[in-house]
Structure formats: structure tokens, C-alpha cells
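Take a look at the structure below.
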Amino acid sequence: MRYLLSVFALATVASAGLGQQPSQSATGTSLVPPPETVVPPECALAPPPASAPVLRPGDSLCVSRAGAIAGALIANPQMQVAAAQAQQARAARVQGVALPDPTFGAAWAGSTAPFGIGGLTSEVFGASITIPFFDKFRLNGRIGTAAIRQSESDSVAVRHAIASQTSQTYDSLLGALRRRANLHEADSLAGDFLKKTQARFDAGTVARLDVVNAQVAVAQAQNDLIANERDIANARSSLNRLLGRRLGAPLATADSLAVPAPLPALSALERAALDNRPELASLLHRQQGAHATTSLAREFWLPDLTIGISKDFLAGPTPGYLNTGVAFPIPIFYGNHAKGEIAQARFREDELAATYRDLQAAVGQDVRVAYATASTALRQAVFIRDQLLPASRQAYRIAAASYGLGSSSALEVNAARVALVSAESQYTVALAAANGARADLERAVATPLTMFETGASQ
């Protein structure tokens with residue numbers, strides 16, 4: 001009988017130790033079920049398309065990362081601003097190459113009162129139009145075309161910025177949701193530890209301080225959950241704003257956080273950035289417009305042609321007369337022009353040339369900074385996944401099992417639990433940072449990184 005009681009007591013202690021151990025997934029690589037495997041009900045009912053969702057601003061939305069980016073590129077007001085600016089540039093070009101409006105004139109001569117009142121000797125009506133020198137149309141057209149190309153490049157830059165911002169905001173929401181799953185698991189572990197500690201305190205094997213510490217751990221986990229609600233709400237409202245939706249509209253995510261793919265070579269990314277960055281293209285078009293402006297300023301002395309027709313209705317049956325004329329300035333004070341508008345236009349070209357060289361260096365630095373950030377974030381995520389998390393889980397399993405057998409203190413178990421929860425939190429932050437840094441690197445390169453991974457030529 002004593003032997004049976006001993007076996008029963010040993011089984012009870014072993015079961016208590018197992019109760020302190022963290023729950024394992026099927027593969028044994030994760031303490032908590034991966035948050036990415038938890039699909040929101042609205043997403044499970046209606047899988048989101050990869051293209052832009054067509055929904056009213058207040059509709060419930062389940063969206064993937066690609067769908068969020070596509071939707072933002074359509075509904076975000078900044079895209080509408082860029083499109084309106086491009087249309088303004090097109091309208092300015094039409095005005096720049098348009099002929100001046102013709103003018104109509106009337107003259108009354110030999111009258112004792114204004115406008116021929118009281119008799120007159122001549123009544124002349126006529127119309128005329130002034131045609132600028134033909135080369136000025138060409139140069140104004142080049143200036144307008146350069147402005148259009150510049151606005152189009154600026155629109156592309158806005159697209160890249162919105163896509164990157166949307167992707168990073170989407171990842172921040174995924175991170176907040178994954179953090180909530182981690183905190184729920186931490187609250188479960190703290191609550192289970194409190195139950196076991198309370199049981200041992202009732203049995204007289206631990207001090208009252210251990211129970212108090214376990215209660216503090218539960219309170220901390222619940223407080224972190226409250227703070228996490230704020231993070232989720234802020235991330236949702238930010239993403240809704242980018243999508244042009246009501247800030248409080250329901251929103252669920254269809255994608256999950258995962259360790260991104262390895263980065264391509266830095267040299268290839270730098271070359272692609274110098275070829276594809278819209279800021280460089282925009283500045284190049286500005287240089288072309290400035291060069292045409294300088295040429296137009298040098299043609300200030302070229303003549304304008306005036307063509308008109310007039311008729312004196314009091315001169316009998318005489319026909320109307322065709323009037324032609326040429327007007328051009330005499331460049332006596334050429335130095336004023338050479339040191340004035342011509343010099344201003346030429347120095348503007350020099351300014352843009354220097355700005356272009358500086359922007360090339362800035363683009364290269366931007367790529368290097370984004371690459372270093374993405375590379376570091378990726379390495380941290382991989383290190384936490386492969387090194388820190390397994391070690392933290394193993395430490396907690398050992399401490400929990402030892403506590404169940406009565407050979408370790410509650411403080412040791414609590415310290416191991418805190419370290420494990422912290423490692424899970426660090427992993428979530430690292431995943432969000434790695435994906436966000438990758439999105440920022442794509443913005444800096446102005447080319448999807450998948451183009452390099454598949455070996456596509458740039």
C-alpha cells in the first residue's frame with residue numbers, strides 16, 4: 001500500500017511539472033500557436049483578392065498586403081493630388097504654345113464728341129493678331145513637355161512613397177495583432193503559474209511572497225493587453241486613412257508576419273536605384289526645361305509678326321486694307337539682358353546640374369542606409385528565431401519542470417517566464433521591423449526586390 005501511495009505521489013508531482021511547461025506546436029518549434037495561423041472570421045468567410053478591394057468607406061474589409069497597397073494607390077488623396085498636378089502641367093503647356101488672342105479695334109476721327117457723336121470724318125474698324133517668332137513656340141513646347149514629364153515622375157515618387165508607407169503600416173498592424181496573441185499566451189502562463197503557486201502555498205511548501213509575485217505577473221500581463229488594444233486601434237486607423245476609408249471602419253488582415261527572403265546584392269540595388277528613382281528622372285526633366293528656358297531668354301530680340309485688316313467705312317467703296325508689321329527690340333542695352341534674365345536662366349541650369357549630382361549621391365546613400373537597416377533587421381529576426389527563442393523555451397521548460405519537482409524556487413520560474421515572454425515580444429518586433437525595412441528598401445530602389453530574386457534583368 002505504501003508503494004502504491006509513493007507511485008501516486010510521484011505521478012501527481014510529474015503532472016504538476018508538466019502543467020508548468022509551455023504548450024508546443026506540432027513541430028515543437030514555437031511556444032505559442034503562430035499568430036499568422038489564426039484567420040479572422042471575416043477573412044475566412046471571404047478570402048481577399050490580391051487586387052484593390054472595391055468597397056465603400058464604411059464597409060468591413062479583409063485585405064491582404066498586396067490588396068492594401070493596390071487600394072491605397074487608388075483611393076489615397078495624395079494620388080489624386082499628384083494626378084491634379086500632372087493635369088495642371090498639361091494645361092500650362094497648352095497655354096504656353098497657344099497663339100495670342102486676336103484684337104479688335106475701332107477709331108473715330110474728326111468728331112466733336114467721343115465715339116463719333118456729333119459728326120466725324122473717318123470711321124475705321126479693324127482686327128489684328130500678333131504671332132511670336134516661330135522658334136519661341138518650339139521652346140515653349142519643350143518647356144511645357146519637360147514640366148509634364150517632371151510631374152509624371154513626381155507622381156511615380158508619390159506612388160512609391162504611398163506603397164511603402166502602406167506596407168509598413170500593414171506590418172505594424174500585423175505586429176500589434178501578433179503581440180496580442182503573445183500577450184494572451186503570457187497571461188495564460190502567468191495565470192497557470194499563479195494557480196500552481198497558490199496550491200503549493202496552501203500546502204505550505206512556498207512562501208506568501210511567491211503568490212504575490214505570481215499575482216503581480218498576472219496583473220502585468222493584463223495591463224500589457226490593455227495597452228496593446230491602443231496599438232491595434234491606432235494601426236487600424238492609420239491603415240484605413242491610407243486606404244481612404246473611415247478611420248474607425250472594421251478592418252482585418254489576411255496576411256501574416258514572416259521572416260522575409262534574403263536581400264539581393266547591394267551593388268545591383270544601387271544600379272537599379274540610379275536607373276529607376278523617379279526623383280532623378282524628375283530633376284533631369286527640370287534640367288531640360290531650364291535649358292529651353294535659357295534658349296528662350298536669348299531670343300528676346302527676335303521679331304514678332306503682326307497681321308491685321310482694317311476698313312474706313314466713310315471713305316467710300318474702298319476695300320479693306322491688309323496691314324502687316326514687324327516689331328522687335330533694338331538691343332542697345334544688351335548687357336542688361338545678358339546679366340539679367342539670360343544669366344538667371346544659365347545659373348539656374350548650373351544649380352540644377354549640381355543638384356542632380358548631389359541627388360545621385362543622396363540616392364546612393366538612401367539605398368545603403370535602407371539596405372543596412374533591412375539587413376540588420378533580417379539578421380536579428382533570424383537570430384531570435386533560431387537562437388534566442390529555442391534557448392528561452394528550453395530554460396522555461398527546465399525551470400517549470402524543476403519547480404514542479406520542488407527543486408527550484410518560484411522566482412526562478414518567474415524569471416524564465418519573463419525571459420520567454422520577452423523573447424516572443426522581441427521576435428514579433430523583429431519580424432515587423434524586417435518586413436517594414438524591406439518595404440523601405442523597395443522604395444529606395446524603386447524596384448520590387450522580387451525582380452532581383454527571380455533574376456529578371458533591370
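Rule-based calculations on the coordinates, nothing more; no lab input. Please read these numbers as outputs of a predicted model, since none were measured by experiment. Positions of Cβ are generated from backbone atoms using ideal geometry, with glycine treated the same way; all protein chains shown enter the neighbour counts.
Take the Cα of A327, step 7 Å along the line toward its Cβ, and report every residue of the range 75-112 whose backbone nitrogen sits under 18 Å from that point.
99-107
Mind ranking 152-164, 90-102 by how tightly packed they are, going by the mean number of other C-beta atoms within 10 angstrom, highest first?
152-164, 90-102
Among the lysines, which have Cα under 27 Å from the Cα of K339 when same-chain residues fewer than 8 positions away are ignored?
Within the straight-line cut-off, K339 pairs with K136.
Between T355 and D275, what FRET efficiency comes out of the Förster formula 1/(1 + (r/R0)^6) with R0 = 25 Å and r the beta carbon distance, rounded to 0.05?
Step by step, r from the Cβ atoms, then E = 0.85.
On alpha-carbon atoms, Rg over Rh for the range 139-298 using Kirkwood Rh?
1.33
If the reach is capped at under 15 angstrom between alpha carbons, list the aspartates and glutamates near K195, excluding any in the same chain fewer than eight residues apart.
D187, D210
I'd like the FRET efficiency for A233 and S256, computed as 1/(1 + (r/R0)^6) with the beta carbon distance as r and R0 of 22 Å, rounded to 0.05. Could you put the intermediate results ahead of the total?
Details: r = 20 Å, r/R0 = 0.91.
Computed FRET efficiency for A233 and S256: 0.65.
Quote the FRET efficiency, to the nearest 0.05, computed for L405 versus A265 with a Förster distance R0 of 41 Å and r equal to the Cβ-Cβ distance.
Calculated transfer efficiency: 0.20.
Which Cα, out of S128, A147, Q88, lies furthest along the positive dipole direction of the range 70-150 (beta carbon charges, K/R +1, D/E -1)?
It is A147, whose Cα lies furthest towards the positive end.
Loop-only trypsin sites (Lys or Arg not before Pro) in the range 303-407, please: DSSP not H, G, I, E or B, and at most 13 other Cβ atoms within 10 Å. Walk me through the numbers on the way to the answer.
Working: sites: K311, K339, R346, R348, R357, R368, R379, R385, R393, R397; in loops: K339.
Counting only loop positions with at most 13 other Cβ atoms within 10 Å, the trypsin sites (Lys or Arg not before Pro) in the range 303-407 are K339.
Roughly how far apart, in whole Å, are the Cα centres of the range 224-269 and the range 132-207?
About 4 Å separates the Cα centre of the range 224-269 from the one of the range 132-207.
Equivalent-ellipsoid semi-axes (√(5λ), Cα gyration tensor) for the range 286-380, whole Å, largest first?
Semi-axis lengths for the range 286-380 are 59, 20, 6 Å.
What is the spin-label model distance, in nm, from D202 to I309 if the labels are put 7 Å beyond Cα along the C-beta direction?
11.2
Which distance in nm do the two modelled labels at Q394 and S422 give, with both placed 7 Å along the Cα-to-Cβ direction?
My value for the distance between the label points is 1.9 nm.
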